[in-house]
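This report concerns only the one structure given below.
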Amino acid sequence: MADVREAAKLLEKAQRVVVFTGAGISAESGVPTFRDALTGLWERFDAQSLATPQAFQDDPDLVWGWYEWRRHRVSTVHPNPGHLAVAAMKNAVVITQNVDDLHERAGSADTVHLHGSLFMPRCSQCGEAAALPSTTGEPDEGRRVWPPSCVRCAGLIRPGVVWFGEALPEAALEAAARAASDCDVLLTVGTSGMVYPAAEIPRLAARSGAAVIQVNPQPTPLDSVALVNLRGSAAQVLPDLAARAWPDQAAEGPAAEPS
Ligand code: BJW
Ligand code: ZN
């Protein structure tokens with residue numbers, strides 16, 4: 001209680017706010033995280049066999065089918081009150097590691113995606129952006145699906161996400177580093193803070209003098225970086241935090257999910 005009041009005061013006074021999110025913010029929408037015990041994707045699936053360039057080279061239909069299953073799943077869920085509270089933080093820069101589109105669907109149109117998107121496939125050979133294939137029926141989680149071919153060079157189309165060992169999109173990483181080194185408050189939500197270089201963003205903000213506020217039901221390596229640790233779920237903590245920091249805005253009501 002005292003912590004949430006302290007966090008709200010920091011936000012209220014801040015001129016420049018960055019919100020840095022991970023899989024935990026989408027958990028209450030029904031999108032699984034990666035590393036949570038029992039429910040995380042890496043509990044059931046092998047990251048090396050699915051989320052590396054080598055995996056796609058060795059077994060393109062396994063990898064493409066798995067990402068089609070995840071894309072379909074994301075397209076059936078909705079932003080939760082955590083995404084809506086972030087969207088209501090009008091001038092905040094939103095930086096996400098997530099490959100879903102729930103921040104955008106909540107109203108955060110300019111979200112910076114550090115790890116790409118499930119909705120931006122491209123050619124694995126020439127890099128040309130590719131159209132999203134229309135999904136017929138519900139893809140099953142283990143089903144192999146042969147990827148489409150590039151209209152320019154006939155190379156295989158790959159998911160537009162950042163796999164282990166790949167560089168992050170330069171413009172996104174630069175925008176994130178700039179915003180983090182130039183903000184008063186960085187709010188980190190629902191990330192284990194274990195995957196680099198993304199995990200450097202809240203650390204960079206702290207080194208640059210910003211107050212870091214963390215929202216996470218579990219302890220993380222970012223606990224020691226954060227000035228305030230709010231132990232709770234994003235969908236519960238963020239609306240309360242926003243209502244305390246900007247009571248006038250809360251009275252206007254939540255942002256509507258664009259149709
Ligand atoms: C809630 C909640 C609720 C739950 N409310 N919270 C050794 C040391 C250091 C680094 C390395 C190393 N070995 C290898 C590396 C590098 C590697 C890395 O960092 N590995 C670590 C795992 C050790 N990094 C890379 O490979 C990166 N690239 C790179 O380094 O390139 C170098 C290079 C430079 C130049 C040229 C070439 C190369 C790329 C990393 C890409 C990560 N990709 C993934 C998959 C994306 C595609 C896909 O979706 O399939 O990105 S991995 C996965 O982890 C995904 C996520 O974005 C990322 C971070 O996960 P996140 O979001 O934090 O989720 P979780 O599950 O970890 O945590 C969820 C949290 O939510 C938990 O804390 C919960 O408690 C919490 N929570 N419910 C609030 N309701
Ligand atoms: Zn191509």
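Against the numbered list (1) open to solvent by less than 40 Å² (accessible area, probe 1.4 Å); (2) away from ligand 1 (no atom under 14 Å from the Cβ); (3) among the aliphatic types (A, V, I, L, M), residue 195 comes up short only at (2). Of everything listed in (1) assigned to a strand (DSSP E or B); (2) open to solvent by 50 Å² or more (accessible area, probe 1.4 Å), the single unmet condition for residue 186 is (2). Among the residues making up the stretch 216-259, those that are within 14 Å of residue 81 (Cα to Cα) and modelled with pLDDT of 85 or more are 232, 233, 234, 235, 236, 237, 238, 239, 240, 241, 242, 243. For residues that are open to solvent by 90 Å² or more (accessible area, probe 1.4 Å) and within 16 Å of ligand 2 (Cβ to nearest atom), scanning just the stretch 115-144, find the one that is nearest to residue 199 (Cα to Cα). In this case the residue turns out to be 120.
Every listed requirement among (1) more than 10 Å from ligand 1 (Cβ to nearest atom); (2) open to solvent by 50 Å² or more (accessible area, probe 1.4 Å); (3) part of a loop (DSSP other than H, G, I, E, B); (4) modelled with pLDDT of 95 or more is met by residue 147 save one, (2).
For the stretch 37-76, enumerate the residues that are of a type in the set (D, E, K, R) and surrounded by fewer than 18 Cβ atoms within 10 Å (Cβ to Cβ).
In the first step, residues of the stretch 37-76 are kept if they are of a type in the set (D, E, K, R); the result is 43-44, 46, 58-59, 61, 68, 70-71, 73.
Across the stretch 37-76, the qualifying residues are 43, 44, 46, 58, 59, 61, 73.
Entry remark, the stretch 89-102: residues being out of contact with any strand residue (DSSP E or B) (no Cβ under 6 Å at 6 or more places or on another chain), modelled with pLDDT of 95 or more and open to solvent by 20 Å² or more (accessible area, probe 1.4 Å) number 2 in total.
The values are calculated or read from the model by the stated rules, or taken from the named source; none is laboratory data. Keep in mind it's a predicted model, so treat the numbers as computed, not measured. Note: ideal-geometry Cβ built from the backbone for every residue, glycine included; neighbour counts use all protein chains shown. The area values use the complete protein model at the heavy-atom level, side chains included, leaving out ligands, DNA and RNA. Shrake-Rupley method; radii C 1.70, N 1.55, O 1.52, S 1.80 Å.
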